[in-house]
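Student: Okay, here's the structure, questions in a sec.
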Amino acid sequence: MKSQTTSSIRMLAVALTAAVLTAPATLLAQSDYPNKPIRLIVPFPAGGSTDIVGRVVAQKLSERLGQQVIVDNRGGAGGTIGADVAAKATPDGYTISIGTTSTHAVAPAAYSKLGYNPIRDFAPVSLVAITPYLLVVNPQVKANNLKELVELAKANPGKLNYASAGNGSTTHLAMEMLKDVGQANLQHVPYKGNAQADLALLANEVQSVFGSMPALLQHTKAGKLRPLAVGSTQRSPALPDVPTVAESGYPGFEVSLWLGVFAPAGTPRPIIDRLHRELAAIVPTADFKQAMERNGADPISNNPEQFAKLIAEEASRYTKVVKTIGLKLD
């Protein structure tokens, strides 16, 4: 009996030793995370709204984590190219991404053959900002409000163009929603991102954009673009004199852009929790609030479970919108 007990103890000791020696490297890596630079994929080109917010997030995370957070712009196809790269990255916490309404709610509804699943392939970390959409026109357009733009488009069918950040982007869907309720005929011209779309508008290559506030606000305040309406349910503090679309004759209309941080699915929960804690500490700071408000965005954070619920709700909502207006991109 004593021999059996001794043998069992020895076997247990060997097993415990083996378990310690073969402990997953990820567990050890998590304990000192991060110990090298982190890549933040922004799925739109530099200069657009997502890039503006993403760079502020990268700077603040770098300060909090003690490691450089490097922005990697991967634009194209309404953000889906960069989102696909982010979804397939190694889930070790060293590649994270900015996801938006476009990449995680609109694209899954508009593309039948999307390369990623916004729910299955990502681990939500936290929201960071929400911004209303702003309808603007080039100053040469003879419209001072939304009603006049709709009337102008109806009087000149097919002659007015609008730019978007790409097929399937929220800038594309927002204008299609507006066209649907206003029965206005504007032609879509897709670009690789908000920055390129805005440059085309400034050059009067296209006549209008219904884009997110950060990319358009400074041009609007400088008088280079004329604001007609905001897509949120309430007027924006950044442009308090600009009416909402609902106030302009289309009650119930609402479209805005949310932006948040994601990691690839399978990223260890301790790393997700660390990133969430840092973002939850960053968002309420005066510096972050000022940076967001300066660009017409509202800072906001939530926990991973709340963020996951929001994504599911938004995906369901935009699936209905896409079906209603008949938008299909493949």
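Student: The conditions are (1) within 17 Å of the chain's Cα centre (by Cα); (2) at pLDDT 95 or above; (3) among the aliphatic types (A, V, I, L, M), and residue 242 fails exactly one of them. Which is it?
Tutor: The one condition residue 242 does not meet is (1).
Student: Now a separate question. Is one or more of the residues making up segment 190-213 touching a Leu at 6+ places or on another chain (Cβ under 6 Å), outside any loop (DSSP other than H, G, I, E, B), closer than 21 Å to residue 232 by Cα and of a type in the set (Ser, Thr, Tyr)?
Tutor: Yes, segment 190-213 contains at least one residue that is touching a Leu at 6+ places or on another chain (Cβ under 6 Å), outside any loop (DSSP other than H, G, I, E, B), closer than 21 Å to residue 232 by Cα and of a type in the set (Ser, Thr, Tyr).
Student: Further question on the same structure: Out of all the residues in segment 97-125, which are surrounded by 24 or more Cβ atoms within 10 Å (Cβ to Cβ) and among the polar types (S, T, N, Q)?
Tutor: Hits for segment 97-125 are 97, 100, 101, 102, 103.
Student: Continuing with the same structure: For segment 314-330, give me each residue that is in contact with a Leu (Cβ under 9 Å, 6 or more places away or on another chain) and either surrounded by 14 or more Cβ atoms within 10 Å (Cβ to Cβ) or part of a helix (DSSP H, G or I) (or both). It would help to see each step written out before you state the result.
Tutor: To start, the set of residues in segment 314-330 that are in contact with a Leu (Cβ under 9 Å, 6 or more places away or on another chain) comprises 318, 321-322, 325, 327, 330.
Answer for segment 314-330, where residues must be in contact with a Leu (Cβ under 9 Å, 6 or more places away or on another chain) and either surrounded by 14 or more Cβ atoms within 10 Å (Cβ to Cβ) or part of a helix (DSSP H, G or I) (or both): 318, 321, 322, 325, 327.
Student: Would you confirm whether any residue within segment 257-273 is farther than 24 Å from residue 90 by Cα and touching a residue at least 60 places away in the same chain (Cβ under 8 Å)? Steps first, please.
Tutor: Within segment 257-273, the subset farther than 24 Å from residue 90 by Cα is 257-258.
With touching a residue at least 60 places away in the same chain (Cβ under 8 Å) added as a condition, the list becomes 257-258.
Yes, segment 257-273 contains at least one residue that is farther than 24 Å from residue 90 by Cα and touching a residue at least 60 places away in the same chain (Cβ under 8 Å).
Student: Also: Would you please name the residue that is nearest to the chain's Cα centre (by Cα), looking only at residues in segment 189-226 that are crowded, with 21+ Cβ neighbours inside 10 Å and at pLDDT 95 or above?
Tutor: 210
Student: Residues in segment 283-313 that are in a helix (DSSP H, G or I) and within 27 Å of residue 110 (Cα to Cα): how many?
Tutor: We begin by selecting, within segment 283-313, every residue in a helix (DSSP H, G or I); these are 286-294, 304-313.
Subset that is within 27 Å of residue 110 (Cα to Cα): 304-313.
Number of matching residues: 10.
Student: Where the second residue is hydrophobic (A, V, I, L, M, F, W, C) and surrounded by 21 or more Cβ atoms within 10 Å (Cβ to Cβ) and the first is free of Cβ contacts under 8 Å to residues at least 60 places away in the same chain and closer than 22 Å to residue 207 by Cβ and lies in segment 227-248, which pairs have Cβ atoms under 6 Å and are six or more apart or on separate chains?
Tutor: Filtered contacts from segment 227-248: 244/230.
Student: Considering only residues of segment 228-281 that are touching a helix residue (DSSP H, G or I) at 6+ places or on another chain (Cβ under 7 Å) and among the polar types (S, T, N, Q), which is surrounded by the most Cβ atoms within 10 Å (Cβ to Cβ)?
Tutor: Restricting to residues being touching a helix residue (DSSP H, G or I) at 6+ places or on another chain (Cβ under 7 Å) and among the polar types (S, T, N, Q), the top hit is 236.
Student: Inspect all residues belonging to segment 94-111 and state whether any of them is more than 18 Å from residue 319 (Cβ to Cβ) and in contact with a Phe, Trp or Tyr (Cβ under 7 Å, 6 or more places away or on another chain).
Tutor: There is at least one residue in segment 94-111 that is more than 18 Å from residue 319 (Cβ to Cβ) and in contact with a Phe, Trp or Tyr (Cβ under 7 Å, 6 or more places away or on another chain).
Student: Has segment 296-319 got at least one residue that is free of Cβ contacts under 8 Å to residues at least 12 places away in the same chain, closer than 30 Å to residue 138 by Cβ and of a type outside the set (A, V, I, L, M, F, W, C)?
Tutor: no
Student: Further question: Since residue 262 meets every condition but one in (1) modelled with pLDDT of 95 or more; (2) out of contact with any strand residue (DSSP E or B) (no Cβ under 6 Å at 6 or more places or on another chain), which condition does it not meet?
Tutor: Status for residue 262: all satisfied but (2).
Student: Next up: Output the residues belonging to segment 96-131 that are in contact with a Ser or Thr (Cβ under 9 Å, 6 or more places away or on another chain), of a type in the set (Ser, Thr, Tyr) and over 24 Å from residue 214 (Cα atoms).
Tutor: 111, 116
Student: Pick out, from segment 71-186, the strands (runs of 3 or more DSSP E) lying fully within it that include 3 or more residues that are closer than 16 Å to residue 245 by Cα and more than 14 Å from the chain's Cα centre (by Cα).
Tutor: Numbers: elements: 95-100, 122-137, 160-164.
Output list reads 122-137.
Student: Could we say that residue 49 is touching a strand residue (DSSP E or B) at 6+ places or on another chain (Cβ under 6 Å) and modelled with pLDDT under 95 here?
Tutor: Against the criterion (touching a strand residue (DSSP E or B) at 6+ places or on another chain (Cβ under 6 Å) and modelled with pLDDT under 95), residue 49 qualifies.
Student: Considering only residues that are within 28 Å of residue 76 (Cβ to Cβ) and crowded, with 24+ Cβ neighbours inside 10 Å, which ones fall in segment 144-174?
Tutor: 162, 163, 164, 165, 166, 168, 169, 170, 171, 172, 173, 174
The values are calculated or read from the model by the stated rules, or taken from the named source; none is laboratory data. On a predicted model such as this, the values are computed, not experimentally measured, just so you know. Cβ coordinates were reconstructed from backbone atoms using ideal geometry, including for glycine residues, and neighbour counts include every protein chain displayed.
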